[in-house]
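Just below is one structure, and these are the notes that go with it.
Only the coordinates and a few stated rules stand behind these numbers; no lab work does. Because the structure is a prediction, the values reported are computed rather than measured. For neighbour counting, all protein chains shown are included, and Cβ atoms are generated from backbone atoms with ideal geometry for every residue, glycine included.
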Amino acid sequence: MKHNFKPAMLALAGVVAFTSQAMAAITIESGGLAVAFYSTNPLETNTYVFDLGKGADFRENTGYNVPVTTVNTALTSANIGADLVSNFGADWYNTGDVRWYIVGTVNAGAAVDSDPARTSYYSLARNSYAASTTWGSTLSSTQRGTLNTQISNFNAGTNNAAAQTVGNNGAGAVIAKSSPQSADEYVLPANLNAFGINIDPQQTFGAGSITDAPVGSLEGALDIYRIIHTTTGADLTAGYSPTNAVAGSGQYIGTLAINSSGLLTVIPEPSSMLLGLAGALGLCVRRRR
């Protein structure tokens, strides 16, 4: 009796491939950055989290107005528009109830990419391109530990969540609001004990929130800050920051921006951009001389 193994093996391979896709999940690694979206509309029952990748990659980036796929080449796409539309509707950036923020942390016990243990990343909302934000306080050792714990809990609630398949980029996941560790749980009510440090990391989308942007129409922008727990073993520099990192104080590392189509780009603060342009112009002048 002749057995036809080839069709059976192909069928089995198809089942395995389908199962792998269905079981795909995201993992926010130690030292990684997560950008979270949620809605205050009670009819919206889900939150959305996108894994940007290593915080160190964004810390060292100096590219101007580049998509996040340039900073993290492992990302399949820099556009999460389809995912946002699927979760919050086609007009997600104009409804006035969708919010977003960025967090990341290095787990206690081991450094990652010259970020000491308990180094955290945190966002502040920028409402005007011309006016950058300022990290106005120094976190105590206790506050730094609290922030590390809170973000670690957030990551734990995100990890192993099924990857969103609408946008086909595999780095986003949907987490129900009913989850005790969903994105909204750490920031509501707004600015009251947000991530345990009373600093609000989020921005609410509204019509034309970044109207003065010279790089095109942007619906939102978040300045990203790095807060090291200790200087021991730390790379104290950052691509956009003119000063070295200080324990407990936020070090600016760049701005994550998004437009109405859902494209995520990284831009520097205006002063960094102007310094870069001035340097380039100076080099051109010297060459001509």
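Backbone phi angles across region 219-226, fed through the Karplus curve with coefficients 6.51, -1.76 and 1.60 (θ = phi - 60°), yield HN-Hα couplings of 8, x, 8, 10, 6, 9, 10, 10 Hz in residue order; Gly and Pro are listed as x. Once backbone amide H atoms are built at 1.01 Å from N, Asn46 has Lys177 as its partners under 5 Å, excluding neighbours fewer than 5 places away on the same chain. Couplings for region 196-206, taken from phi via the Karplus curve 6.51 cos²θ - 1.76 cosθ + 1.60 with θ = phi - 60°, read x, 10, 6, 10, 7, x, 9, 10, 9, 6, x Hz in order; Gly and Pro are left as x. Taken one residue at a time, the phi angles of region 254-267 give Karplus couplings (6.51, -1.76, 1.60, θ = phi - 60°) of x, 10, 8, 10, 9, 9, 5, 8, x, 7, 9, 10, 10, 10 Hz. Gly and Pro are set to x.
Put simply, the amide H of Asn61, placed in the peptide plane, has neighbours under 5 Å in Gly239, leaving out anything fewer than 5 places away on its chain. Positive end of the dipole of region 22-288 (Cβ unit charges, origin at the Cα centre): among Asn127, Ser39, Tyr240, the Cα lying farthest that way belongs to Tyr240. In a simple Cβ point-charge model (Lys, Arg +1; Asp, Glu -1; nothing else charged), region 88-216 has a dipole of about 200 debye relative to its Cα centre. Computing FRET efficiency as 1/(1 + (r/R0)^6) for Ala110 and Gln181, where r is the C-beta to C-beta distance and R0 is 30 Å, gives about 0.85.
Please list the non-local residues whose amide H lies under 5 Å from the amide H of Gln164, H modeled 1.01 Å from N, same-chain partners needing a gap of 5 or more. Close amide H contacts, sequence-distant or interchain: Gly172, Ala173, Val174.
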